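Below is one structure, written out as structure tokens; the observations come after it.
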Amino acid sequence: MKNLIGLIILILVGIAAYFLVIKDGDINLSSSEEDFKDFAVEDTASVDKIFLSHSSGRTILLTRASAAKWMVNNKFESRTDAIELILKTFSDVKVNGVVPAADMKNTIKRLATNSTKVEIYTGGSKPHKTWYIGGPTASRLGTIMLLEKDGEKSSKPYITHMIMERGYLGTRFFVDETLWKDRIVMKCEPKEIKSVEVKHAVDTSVSFKIEQYELGKFKVTNLDENKTEELSPLVAIPYLKEFSGVYYEYIDEKTPERVIDSVYSALPRHIVRVTMNDNSEFLIKSYNMPVPEGSTLNGRVVDYHPERMYIYTNKLEEGVYPIVQNLTFDKLVPSLKHLGSSTTVEK
């Protein structure tokens with residue numbers, strides 16, 4: 001019996017040691033006498049590299065390619081909004097309080113086993129500062145964080161927040177590579193658009209083509225009747241501005257290949273062709289998004305998702321299957337009769 005008790009004690013001591021001293025870049029506060037709490041980075045323009053690593057083993061490398069352009073894992077350009085949010089967090093983070101003494105032990109354990117390490121570089125080969133981001137406080141208004149500088153970790157973690165903002169900061173430092181991709185489908189300057197052609201393939205909406213034949217002067221063709229008329233700038237310009245930034249919601253990486261093949265081999269729901277003044281072209285096709293057999297909406301059986309569609313675009317690489325929300329994409333593909341009340345075609 002004594003041997004069994006001794007064995008249990010030995011195991012418990014080993015577990016405690018594992019939590020308090022973890023190898024390879026982890027949380028070890030036992031020997032540090034430093035007390036760092038200056039988390040903020042005042043000059044975020046000097047930040048040229050950010051390395052994120054989660055205790056799960058996933059990592060993300062963000063590198064500044066220019067003033068406004070960042071790369072993800074040296075593969076593709078990052079989402080601007082996500083980078084801007086991280087840099088704002090670096091600049092505006094504040095210490096909101098200390099971790100209560102009664103919670104300190106468990107807090108350190110959680111930091112060791114489930115945290116995100118954020119290495120912030122400002123031109124040197126070593127991090128300017130390193131954050132260890134743990135979980136939220138019980139109220140979910142604060143974030144548990146530990147600071148490291150010059151290879152020395154703070155003697156204790158702190159509760160951080162951002163003034164005038166509410167919520168947990170850790171979600172900003174995600175390590176899923178796919179979520180870092182810029183969700184842009186197309187972006188263009190409206191005044192540089194030569195024409196927009198919208199074809200409706202599977203419904204009764206009227207297809208059309210808008211042409212800017214001089215700066216600020218437009219004509220529209222009813223493609224179903226092959227009739228062309230002048231189009232008021234009050235209608236044309238707001239519509240063309242919809243193409244200044246078109247984004248997908250997410251990339252489908254879970255649907256079986258056979259289903260994807262079926263989706264993209266079907267007749268497109270809409271075909272949008274945007275031609276620029278330099279004759280470059282954006283091509284977007286939308287496809288109905290299938291739902292499980294027997295799905296209903298308001299008591300009626302539906303065959304396709306009522307709020308989302310798949311799209312194809314010639315500006316994204318092959319093998320990528322973006323999904324857009326109808327709420328935002330429908331603005332690009334109206335019927336001609338719904339384009340605007342000022343079209344002389346409809347009078």
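None of the figures in this text is laboratory data; all of them are computed from the coordinates on show. Quick caveat: nothing in here was measured; it's all calculated off a predicted structure. Positions of Cβ are backbone-derived with ideal geometry, glycine not excepted, and every protein chain shown enters the neighbour counts.
Numbers below:
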| quantity | calculated |
| --- | --- |
| Distant-in-sequence amide H partners of N288 (H built 1.01 Å from N, under 5 Å) | R269 |
| T137 long-range amide H proximity, modeled H, under 5 Å | G142, T143, I144 |
| Relative contact order, percent, the chain [alpha-carbon distance under 8 Å, six or more residues apart] | 14 |
| Under 18 Å from the A101 label point (7 Å along Cα→beta-carbon), backbone N, region 134-165 | 155-159 |
| Which of T328, S286, A40, positive extreme of dipole for the chain (C-beta unit charges) | A40 |
| Radius 12 Å from Cβ of T328, net charge of other residues (Lys, Arg +1; Asp, Glu -1) | -1 |
| When each of K88/K126; K285/K331; K199/K337; K94/K126; K126/K149 is checked by Cα-Cα distance, pairs over 19 Å | K88/K126; K94/K126 |
| Integer Hz, Karplus 6.51/-1.76/1.60 couplings in order for region 98-106, x for Gly and Pro | 9, 6, x, 4, 5, 9, 4, 4, 5 |
| Using θ = phi - 60° and Karplus 6.51 cos²θ - 1.76 cosθ + 1.60, couplings along region 122-135 (whole Hz; Gly, Pro as x) | 10, x, x, 7, 10, x, 5, 8, 10, 9, 10, 9, x, x |
| Under Karplus coefficients 6.51, -1.76 and 1.60, residue-wise ³J(HN,Hα) of region 211-217 in Hz, glycine/proline x | 10, 9, 7, 9, 4, x, 10 |
| Interchain or long-range residues, amide H under 5 Å from K315's placed H | L283 |
| For region 184-346: relative contact order, % (alpha-carbon pairs under 8 angstrom, 6 or more apart) | 28 |
| Simple spin-label estimate for C188 and D203 in nanometres, 7 Å along Cα-Cβ | 2.3 |
